[in-house]
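Below is one structure. I have some questions about it.
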Amino acid sequence: ALQPEDLLRLTLDSEAAGEVVWAIVHSHVASAAEPSPSDIRAFRHPGALLVIADVRAGGLRAWSIRDAAATEVRIA
């Protein structure tokens, strides 16, 4: 798992290099590829997508999370 201090360092390094985080990948081992309430509360990158892999069923879905609400984004 990525530790908070590592995420902060990566974010600052990326911003300094003119790069942006466009997606955070997350997996659910025992539930569907939908953000849980704790996923939504913990998400701190409103400009990025949360991509969730459903390990048990093999699905992959993307979500935009803004203002404590998740909206699915179609993956082509």
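The values are calculated or read from the model by the stated rules, or taken from the named source; none is laboratory data. Here the structure is a predicted model, which is why all the values come from computation and not from measurement. Note that we place each Cβ from the backbone using ideal geometry, even for glycine, and neighbour counts take in every protein chain shown. Side chains included, ligands, DNA and RNA excluded: accessible areas come from the protein's heavy atoms. Shrake-Rupley method; radii C 1.70, N 1.55, O 1.52, S 1.80 Å.
Filter the range 52-65 for residues that are open to solvent by less than 20 Å² (accessible area, probe 1.4 Å) and within 12 Å of residue 24 (Cβ to Cβ) and give the result.
Within the range 52-65, 52, 62, 65 qualify.
Output the residue which, of all residues in the range 35-63 that are touching a strand residue (DSSP E or B) at 6+ places or on another chain (Cβ under 9 Å) and farther than 25 Å from residue 3 by Cβ, is modelled with the highest pLDDT.
Within the range 35-63, the match that is modelled with the highest pLDDT is 61.
What's the total number of residues in the range 46-76 that are under 12 Å from the mean Cα position of the chain (by Cα) and in a loop (DSSP other than H, G, I, E, B)?
Counting residues in the range 46-76 that are under 12 Å from the mean Cα position of the chain (by Cα) and in a loop (DSSP other than H, G, I, E, B) gives 3.
Out of the residues in the range 8-45 that are under 10 Å from the mean Cα position of the chain (by Cα) and in a helix (DSSP H, G or I), state the one that is surrounded by the fewest Cβ atoms within 10 Å (Cβ to Cβ).
Looking at the filtered set, the residue picked out is 42.
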